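All remarks here apply to the structure that follows.
Only the coordinates and a few stated rules stand behind these numbers; no lab work does. Computed from a prediction, not measured in an experiment: that's the story for all the values here. When we count neighbours, we look across all protein chains shown, and the Cβ atoms used for this are built from the backbone with ideal geometry, even at glycine.
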Amino acid sequence: MKTIYLAGGCFWGMQRFLDQFPGVLRTQVGYANGPGPASYEEVCRSSGHAETVRVDFDEAILEPGALLDFYFMAIDPLSVNRQGNDRGVQYRTGIYYDDRSLLPAVRAAFDREQAKYSSPLAVELKPLEGFWPAEEYHQKYLEKNPGGYCHIGEEKFHLTER
């Protein structure tokens, strides 16, 4: 099992999106790369954290590069501190790792995506500086609240059903 941390705007939709792929073993929403533990209210007041999904995956089933290709399908990689109607530093995009063995595949996927654009990606690519799980009511939020807002289109939650 490997773990990577993906910030892609509101973590509710990113978690639901990532949960659909074979090889994703577990996801958990939380707050990454800010100055220590924080509550949702603190994050919303610009604490510096990014809403992030911890993704535990089986790389024998889902290679890191393929996982990141899916990730890039769900975000606007040129948008700074914004995805959909969500705005603020907590909605920035980022790929964070604490396992350096993932870096070659992560860098290759990042560079493939960058090659599609003439502007630099607004996606942070950096080591994880810390991850703190979000409150329980945020975990699997869109499963518990099917009508909840999400910047990711509903059709993208059903890619593996085809």
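Of all residues in the range 60-97, those that are of a type outside the set (A, V, I, L, M, F, W, C) and more than 25 Å from CYS44 (Cα to Cα) total 4.
Candidates are the residues of the range 146-162 that are assigned to a loop (DSSP other than H, G, I, E, B) and touching a residue at least 12 places away in the same chain (Cβ under 8 Å); the one that is nearest to ARG82 (Cα to Cα) is HIS151. Among the residues of the range 102-130, those that are within 19 Å of ASN81 (Cβ to Cβ) and part of a strand (DSSP E or B) comprise VAL123, GLU124, LEU125, LYS126.
The set of residues from the range 71-83 being out of contact with any helix residue (DSSP H, G or I) (no Cβ under 6 Å at 6 or more places or on another chain) and closer than 16 Å to PHE157 by Cα comprises TYR71, MET73, ILE75.
Among the numbered conditions (1) of a type in the set (Asp, Glu); (2) surrounded by fewer than 17 Cβ atoms within 10 Å (Cβ to Cβ); (3) in contact (Cβ under 8 Å) with a residue 12 or more places away in the chain, the only one that GLU51 does not meet is (2). Considering GLY30, GLY48, GLY34, the condition of being touching a Ser or Thr at 6+ places or on another chain (Cβ under 9 Å), part of a loop (DSSP other than H, G, I, E, B) and small (Gly, Ala, Ser) is satisfied by GLY34 alone.
For the range 51-63: of the residues being in a strand (DSSP E or B) and of a type in the set (A, V, I, L, M), which is farthest from the chain's Cα centre (by Cα)? So that I can check it myself, show each step before the final result.
Our first condition is that a residue be in a strand (DSSP E or B); within the range 51-63, this holds for 51-57.
From the residues that got through so far, the ones that are of a type in the set (A, V, I, L, M) too are 53, 55.
On the way: VAL53: 5, VAL55: 8 Å.
Selected residue: VAL55.
Scanning the range 93-147 for residues that are surrounded by fewer than 15 Cβ atoms within 10 Å (Cβ to Cβ), closer than 15 Å to ILE4 by Cβ and of a type in the set (Phe, Trp, Tyr) yields no hits at all.
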